[in-house]
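The structure appears below as structure tokens.
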Amino acid sequence: MHNRPTGPDPASRRPYSWTVQSSIAQDGAGGSSSRAATRRANHHGTAAARTLVLAYLGCLLVSKLADANPHPDLRYLPFVALCFVLPFWYASGWARAPWRKGRWWLLLGQAAVTYLGFAVFQGSWVGGVSGLLGALVLLLVRPPWRRWLFGALALAEITLWLTVGLPYRPSVNAAGWMLIVFGNVSLGVFGLTRLLELVERLESTQDALADAAVAAQRLAAATDVRRAIVYHLNEVRAQVRHALDGRSDATRTALRRAADAARTASASARRIVIDLPASPALASIDRIERVTPALARRVVTAVVLLFAGQYLLNLVFPAEGGATARPATTVLAVSVAAVMVALQLRHSRFRPDDERPAGWPWTLGVQAVLCFVAYPIFGVVSIVFVAYLSGSILLLIERPIRWVLFGLVAICIPILTAVGPSDLVGLPLQIRWSCYAVTTLAAGGLLVYGLSRFHRTAAELDLARRELAEAAVTQERLRIAQDAHDTLGLGLSTIALKSDLAHTLLDRDEGRARREIVHMLHVARTVSSDASALVDGTLNLALDEELATAEDVLTTADVVTTIVRADLSAEAAVESEIASILREAVTNVLRHSTARECRIELACRDGQLSLLVANDGAARGGEVTQGRGLANIAARAARLGGSVRTRLEGGRFEVAASVPAGKGERA
């Protein structure tokens, strides 16, 4: 911001009946909702950031319309407004396709309207408008060419002004101001818009990072599942084939080995949550988190120094009509500038713990004093530091009152202009100057705040997307562990039971024994397929098949089984989850009881799909307290918005699950 002439010297549970709850159930129910909540919060944050960028551009527009330099008439206003059309469009984020496909044409369009102003108004054109073209070049042109092109634009800027005539004297002040305001506008629009784009990329890649982390976990889990389960299943299948091809003694040996391998695999499935390898360290998808701090730091530093440079320029080479500062005043002014720059860089520095700098109320107070108390000494040149003060207020004061204080600081400018010291003679000139100064310094405050805040927002978003990825990995580990425990457990137990049964039948009913051995081979193939599917997250169980399997395996175990099933009308995903619950409940009957009778009931009433599995022979508390089966059942029901109830009475154990028939989303 340049200045007009200054004054004379400028410068608990119930027995046998309770509801099963688990932290896994809660995590399963909340996995997708937490991701959605994070996404909404981040979207809100980037929307606010975009508003800030547009507000900054709006302040710039008003300041250029109310240009402090004299103009013979108001014909320059539509030309200035036209120069802001493309920057506003780009910063809005709306309809970006033309910017990707025809950026050079758009840059040429911006150059045309910019330099048309020089051609039409010459020395009466508005300084700093060219900075919008410089900002678009920095945003759209790839390195290293953008640096060279930006440098050429800066050279063209000063050359054109020297050619058409500088708007005021002395020439050193005017030429210096033209370059400073060009750099300030270019870096301001570029810095805020570029950092907003980086923050948006962080937001848009959070799901990608979570998906990549889950994929890495599945890859790691696949190796462990192959080692712990599939390897033993292959051994089961090989021994079953030996049993089918061998003689009596060989068959017995093969059946025994098959049963051992199945039980080993079953034990591995039960403890896979412990053995599952940890996910690899999360790596960034890109270099955003490294680029953002460096970019913000460089741009903040440049902007702060440019403001200070303009202050010193106005002091050492005052505008025409102003008095030259005395040496003592100049030394004092340089000292004030050094203190203000140091304080502002301290206030703007990003801290990972989000803590404000120690003693910030005092340093903020010093900034306020140096802005206003020095005004009688240095005149209007000192109010350039209002940009520092307003930016620090927004950065350091966390409550909404900061915006009130920001407004009060802005209001001080026209008040100071009215009381002097300055030679802004006449109300129209004071009003125009005040409008120009308020919007310019408000834009500077928003710029300092925005650059520092975007740096912090980018770091917060990067931390949030990493936490989201870690939560997704944890949820994936629990899903794999639950599916391995629930889905594979019954199949592996079935193989072991059928192996024992076939071994017993060899001397009594060789034909039936052979049928059981063939069925073992079929079950082994099915379990092997399920093992691969559960790692991929594509495992879907058919309820009809699970009912048939349950009846078969219970019958094999000499358990009299009764199945009562009503007509069901539920979504496929819900039936698949209920099938998993049924499989785990039957596994619990086999593993934790000496059941002789089992009753399975399926019903669908009032939009609720219910499953009841009841058996005798339950040890007191055994089916409730052993293993993770009931906790997994509760987690699966919770994912569907349902509940699980268990009851143990007189050696009879019941587990009842109820879920909405129409909600089939897995977390």
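The values are calculated or read from the model by the stated rules, or taken from the named source; none is laboratory data. No experiment lies behind these values; they were computed from the predicted model shown. Neighbour counts are summed over all protein chains in view; Cβ atoms, including those assigned to glycine, are modelled from backbone coordinates with ideal geometry.
Taking the range 318-349 as the search range and keeping residues that are closer than 16 Å to Phe378 by Cα and surrounded by 19 or more Cβ atoms within 10 Å (Cβ to Cβ), which one is modelled with the highest pLDDT?
Met340
Against the definition (under 24 Å from Leu315 (Cα atoms) and buried (at least 22 other Cβ atoms within 10 Å of the Cβ)), how does Trp161 come out, yes or no?
Spelling it out, Trp161 is indeed under 24 Å from Leu315 (Cα atoms) and buried (at least 22 other Cβ atoms within 10 Å of the Cβ).
List the number of the failed condition for Ala570; all other conditions in (1) of a type outside the set (D, E, K, R); (2) within 20 Å of Arg639 (Cβ to Cβ); (3) modelled with pLDDT of 80 or more hold.
For Ala570, the exception is condition (3).
State whether the residues of the range 614-627 include one that is under 38 Å from the mean Cα position of the chain (by Cα), among the basic types (Lys, Arg) and surrounded by fewer than 24 Cβ atoms within 10 Å (Cβ to Cβ).
Within the range 614-627 (the criterion being under 38 Å from the mean Cα position of the chain (by Cα), among the basic types (Lys, Arg) and surrounded by fewer than 24 Cβ atoms within 10 Å (Cβ to Cβ)), the answer is no, since none of the residues qualifies.
May I ask you to verify whether Phe378 is farther than 26 Å from Phe454 by Cα and either out of contact with any Ser or Thr (no Cβ under 7 Å at 6 or more places or on another chain) or modelled with pLDDT under 85 (or both)?
yes
Tell me which of these Ser171 doesn't satisfy, since it passes every other one: (1) at pLDDT 90 or above; (2) among the polar types (S, T, N, Q); (3) under 20 Å from Ala68 (Cβ atoms).
(1)
Residue check: is Asp500 assigned to a loop (DSSP other than H, G, I, E, B), surrounded by fewer than 22 Cβ atoms within 10 Å (Cβ to Cβ) and modelled with pLDDT of 70 or more?
Considered against the rule, which asks whether it is assigned to a loop (DSSP other than H, G, I, E, B), surrounded by fewer than 22 Cβ atoms within 10 Å (Cβ to Cβ) and modelled with pLDDT of 70 or more, Asp500 comes out as no.
Identify the residue in the range 61-97 that is in contact with a helix residue (DSSP H, G or I) (Cβ under 7 Å, 6 or more places away or on another chain), assigned to a loop (DSSP other than H, G, I, E, B) and closer than 25 Å to Ala48 by Cα and, among all such residues, is modelled with the highest pLDDT.
Out of the qualifying residues, it is Phe84.
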